[in-house]
Amino acid sequence: MKKEAKKTIRFFFLGMLGTVVIISMIVLAQDVVADQNLPDHVLVHFPDTLSGKNFNRDSLIYTVGPNKGLPEGYEEAALLALSAYPELRTVKVNMVLTQSGAPMESNFRFWSLFGSRAERIYEIRLNDADHSIFDGILLRDLPFDAQVGILAHELGHVVYYHQLSTLQIAKWGLMYLTSLGFRATHEKSTDLMPVYHGLGSQIYQYAWFVRHADVNREMYQKWGGFLDRFYLTDKEIMEEIKRISSK
Ligand SMILES: [Zn+2]
């Protein structure tokens with residue numbers, strides 16, 4: 001190889017390395033807190049039991065706003081959870097059933113993070129795989145109210161992401177993956193989002209079902225430590241509901 005070509009390649013790699021170092025430093029310098037920005041009172045009120053009630057689908061669709069993708073077969077639960085978050089009315093959120101991944105996870109279309117915040121597309125992925133190791137806690141296994149509760153938890157993540165710049169989201173991702181304390185604080189704080197959005201009973205019913213329903217007893221004996229470390233227990237949620245409603 002000619003000397004000039006070698007020099008160009010060396011400059012190119014040094015340039016790449018420099019860019020990665022600079023971007024990493026900028027990401028690390030971002031200020032990101034694990035806690036949700038919680039309101040000081042319950043914003044919306046829903047009945048403690050939503051199951052078996054008739055809701056007007058057209059009026060719910062109007063309430064939640066355009067640009068919402070609903071998971072097939074779970075439209076009503078999704079619409080009810082979305083209707084608790086008026087702040088997401090203009091935000092693009094797709095709820096999609098997947099064949100892999102965590103039981104539920106809130107994410108974003110990667111490339112949409114590089115456009116304007118208004119054009120971001122958030123994606124709530126809901127594992128619906130056959131014969132999953134998560135059988136018992138997947139969306140399809142949950143009672144209706146628990147479905148609404150966990151979808152409201154996932155939407156709480158979307159509210160949080162939407163307050164962050166792309167660089168702050170990168171720092172959040174880094175912290176979430178590397179700090180168990182940050183992750184626990186963030187998830188427990190996100191469990192309070194349904195409570196403040198009027199779906200406290202629904203997130204309570206979710207937390208109870210994944211711990212104490214017959215179908216999950218064995219799973220909870222095995223994974224209860226993980227669950228209780230990162231998420232509020234049913235008892236803790238009940239205490240928070242009482243505390244928040246007595247404010
Ligand atoms: Zn979560």
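The values are calculated or read from the model by the stated rules, or taken from the named source; none is laboratory data. Model, not experiment: these values are computed from the prediction. We place every Cβ from the backbone using ideal geometry, glycine too, and count neighbours over all the protein chains shown.
Could we say that SER189 is out of contact with any Cys (no Cβ under 7 Å at 6 or more places or on another chain), small (Gly, Ala, Ser) and surrounded by fewer than 16 Cβ atoms within 10 Å (Cβ to Cβ) here? Lay out the reasoning, then the answer.
Numbers: out of contact with any Cys (no Cβ under 7 Å at 6 or more places or on another chain): yes; small (Gly, Ala, Ser): yes; surrounded by fewer than 16 Cβ atoms within 10 Å (Cβ to Cβ): no.
Against the criterion (out of contact with any Cys (no Cβ under 7 Å at 6 or more places or on another chain), small (Gly, Ala, Ser) and surrounded by fewer than 16 Cβ atoms within 10 Å (Cβ to Cβ)), SER189 does not qualify.
Quick one: which of GLU105, GLU75 is more than 19 Å from TYR204 (Cα to Cα) and acidic (Asp, Glu)?
Working: GLU105 fails: more than 19 Å from TYR204 (Cα to Cα).
So the residue among GLU105, GLU75 that is more than 19 Å from TYR204 (Cα to Cα) and acidic (Asp, Glu) is GLU75.
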Practice item. Go through region 161-171 and count every residue that is out of contact with any Phe, Trp or Tyr (no Cβ under 8 Å at 6 or more places or on another chain) and not polar (S, T, N, Q). Key: 3
Check your understanding: Within region 99-121, can you find the residues that are touching a strand residue (DSSP E or B) at 6+ places or on another chain (Cβ under 6 Å) and within 16 Å of the ligand (Cβ to nearest atom)?
Key -> GLY101, PRO103, MET104, GLU105, SER106, ASN107, PHE108
Check your understanding: Does any residue of region 32-39 turn out to be loosely packed, with under 10 Cβ neighbours inside 10 Å, modelled with pLDDT under 95 and either closer than 30 Å to ASP141 by Cβ or not basic (Lys, Arg) (or both)?
Key -> no
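Hey, does region 44-61 have a residue that's part of a loop (DSSP other than H, G, I, E, B) and closer than 24 Å to ALA184 by Cα?
Pass one, region 44-61, residues part of a loop (DSSP other than H, G, I, E, B): 44-56.
Remaining after also requiring closer than 24 Å to ALA184 by Cα: none.
No; the residues of region 44-61 include none that is part of a loop (DSSP other than H, G, I, E, B) and closer than 24 Å to ALA184 by Cα.
Identify all residues within region 213-238 that are within 22 Å of GLY181 (Cα to Cα) and exposed (fewer than 12 other Cβ atoms within 10 Å of the Cβ); write none if there are none. Don't jump to the end; show me each part of the working.
Step one: list which residues in region 213-238 are within 22 Å of GLY181 (Cα to Cα), which gives 220, 222-237.
The answer is LYS222, GLY225, PHE226.
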Check your understanding: Are any of the residues in region 195-213 free of Cβ contacts under 8 Å to residues at least 40 places away in the same chain and farther than 23 Å from SER245 by Cα?
Key -> yes
Check your understanding: Which residue out of THR190, THR90 is closer than 25 Å to GLU76 by Cα, touching a His at 6+ places or on another chain (Cβ under 9 Å) and of a type in the set (Ser, Thr, Tyr)?
Key -> THR190
Review point. Going by the structure shown, is VAL21 in a helix (DSSP H, G or I) and out of contact with any strand residue (DSSP E or B) (no Cβ under 8 Å at 6 or more places or on another chain)?
Key: yes
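Output the helices (runs of 4 or more DSSP H) that fall wholly within region 193-246 and possess 2 or more residues being among the basic types (Lys, Arg), or say none. Break it down stepwise before answering.
Numbers: elements: 200-212, 217-230, 234-245.
Of the helices (runs of 4 or more DSSP H) lying wholly inside region 193-246, those with at least 2 residues that are among the basic types (Lys, Arg) span 217-230, 234-245.
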Practice item. Check GLY181, GLY173 and return the single one that is under 24 Å from ARG117 (Cα atoms) and either away from the ligand (no atom under 11 Å from the Cβ) or aromatic (Phe, Trp, Tyr) (or both). Key: GLY173
